[in-house]
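*Asks:* This structure is in structure tokens; I'll ask about it shortly.
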Amino acid sequence: MLLFGAFVYIYRIHVPKSTFMKQLYLLVLMALPIMTYAQDLISVNTEPVQELKGFKMYPNPAYGDEVYITTASNNSKQINVYDVFGEVVLTARITTNTLDISRLVPGVYVLQVTEDKKTMTRKLVVK
């Protein structure tokens, strides 16, 4: 910091004040992001992401009354479907690979599938 102060003092003697201030501001604005970038980031979510192996959802977009959801293990699945406002519009527990979506109006939804304490979230389009 002392070296920076000496540089500023010597530089200020030889450069007009208005030019000096502009260059000083520029130097500070350039150095500030570099100094703040060096800070450590803290992660809130420390759990490793566990995805369902072999997850498939089809058809998407869905034109009929059913969507097929398969995974590698094909165990029982808890399904939650959310609308664009984040409200649950459909909840189901399926033991097969077929989800009845006949109650859903055309639109975009978020489908959350939980199987064996692992959760996947995907976008579902109903036409």
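Read-outs: derived from the displayed coordinates by stated rules, not from any lab. Note that the structure is a prediction, hence the values are computed from the model and not measured.
*Asks:* Report ³J(HN,Hα) in whole Hz for each residue of segment 107-113, in order, from the Karplus equation J = 6.51 cos²θ - 1.76 cosθ + 1.60 where θ = phi - 60°; Gly and Pro get x.
*Replies:* x, 10, 10, 10, 9, 10, 10
*Asks:* Related question: Going by amide H atoms built from the backbone, whose H comes under 5 Å of the H on Ile101, apart from near neighbours?
*Replies:* Under 5 Å from the amide H of Ile101 lie the amide H atoms of Glu66, Val67, each far enough along the sequence or on another chain.
*Asks:* Please report Rg over Rh for segment 56-126, where both radii come from the alpha carbon positions and Rh follows the Kirkwood definition.
*Replies:* Radius of gyration over Kirkwood radius for segment 56-126 works out to 0.92.
*Asks:* In addition: Find how much the distance from Asn75 to Thr95 grows on full extension, using 0.36 nm per residue of separation minus their present alpha carbon separation; answer in nm with one decimal.
*Replies:* Gain on extension, Asn75 to Thr95, equals 6.5 nm.
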